[in-house]
Amino acid sequence: MDKNVLWDLSYGMYVVGSKDDRKVGCIVNTAVQITSDPMTILVSVNHDNYTNKIISKTNKFSLSILGEKTDISLIGTFGYKSSKDIDKYENFETFEIDEMPVLKDSCGVIICEVIDKLETSTHTAFLGKVIDMKKLNNDKPMTYKYYHEVLKGKSPEKAPTFIKEEIINEDKNDNAEKLEEKQTKTVWKCKVCGYEVEMDELPDDFVCPICKKDKSFFEKIEK
Ligand code: FE
């Protein structure tokens, strides 16, 4: 079974947010409209995400649709940190619709009331009835493919699309051996989020633009 086929499914990049006594939120890549009348949205959120607990409590969520020009540090903050420990919204311009947090740096937002949910062994699929929507800018919505291929990000382990990297690399290596000419270049890879940068040496003050880890979290790989 070739698990790389899963990469051909399309996903976006979103922040799903909610609020009880404070604002919480996390990155999800699995969000779809499943019916138009009534308008219903499905989002999948890992059980380990603190945001999951708060959505289950409030039965309400916001879905901010990230764009290709969205500040990449927003993905680092919402994708690689926990709302249990910090206020992720602190450094980003935020407002509220129907008491739900909305990130201004997004293409648009959909506010939903949870009408049902399905538990899987790792994720909750929340079904939300759309109660409000707002367009925020004309940026191109970021697909997961763009995040992966252009921004060189990878799935955090909590994402529904996470596949252990060894599986993907096994298949890649098969293909690589077939290539007769190999060009090597020096690439530094963040061990936390997978961000890659092509550079001979990293400056001492280098900080990962996605997850904000320092130079010591980077490993050198030849490509
Ligand atoms: Fe990183």
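The values are calculated or read from the model by the stated rules, or taken from the named source; none is laboratory data. None of the values given here were measured: they were computed from a predicted structure. Note: ideal-geometry Cβ built from the backbone for every residue, glycine included; neighbour counts use all protein chains shown. For the accessible areas, the whole protein counts, side chains as well, though only heavy atoms, and no ligand, DNA or RNA atoms are used. Shrake-Rupley method; radii C 1.70, N 1.55, O 1.52, S 1.80 Å.
The Cα center of region 184-223 and the Cα center of region 103-164 differ in position by 26 Å.
Which net charge results when you count Lys and Arg as +1 and Asp and Glu as -1 among the other residues whose beta-carbon is under 12 Å from that of Asn52? Walk me through the intermediate numbers first.
Numbers: positive: Lys53, Lys57, Lys84, Lys117, Lys158; negative: Asp48, Glu119.
Taking every other residue near Asn52 into account, the sum is +3.
The stretch between Lys69 and Asp48 holds 4.7 nm of extra length on full extension. This uses 0.36 nm per residue minus the Cα-Cα distance. Go ahead and set up a Gaussian network model of the chain, Cα springs under 10 Å, then flag whichever of Ser155, Ser36, Ser62 fluctuates most. So, out of Ser155, Ser36, Ser62, the one fluctuating most is Ser36. Between Asn91 and Lys57, the contour length at 0.36 nm per residue exceeds the Cα-Cα span by 9.7 nm. Net charge in the neighbourhood of Ser121 (other residues with Cβ under 15 Å of its Cβ; Lys, Arg +1, Asp, Glu -1) is -1. The packing ranking, built from the mean of other Cβ atoms within 10 Å per residue, places the peptides 2-12, 85-95 in the order 85-95, 2-12, highest first. Going by accessible surface with a 1.4 Å probe and the largest first, Phe217, Phe61 read Phe217, Phe61.
Would you calculate a helix-derived [θ] at 222 nm for the chain, using -39,500 (n - 2.57) for each DSSP H run of n ≥ 4 and dividing by the full residue count, to the nearest 500? Calculated mean residue ellipticity at 222 nm is -5000 deg cm²/dmol.
With 0.36 nm allotted per residue and the present C-alpha distance subtracted, the Asp204-Lys3 stretch has 68.6 nm of extension available.
Only Cα pairs within less than 10 Å get springs; with that Gaussian network setup on the chain, which residue of Thr122, Thr30, Thr186 has the largest fluctuation? Result for the chain, Cα springs under 10 Å: Thr186 fluctuates most.
Any idea what % of Cα-Cα pairs in the chain are farther than 22 Å? Walk me through the numbers before you get to the answer.
On the way: 13352 of 24753 pairs.
Taking all Cα-Cα pairs of the chain, the fraction more than 22 Å apart is 54 percent.
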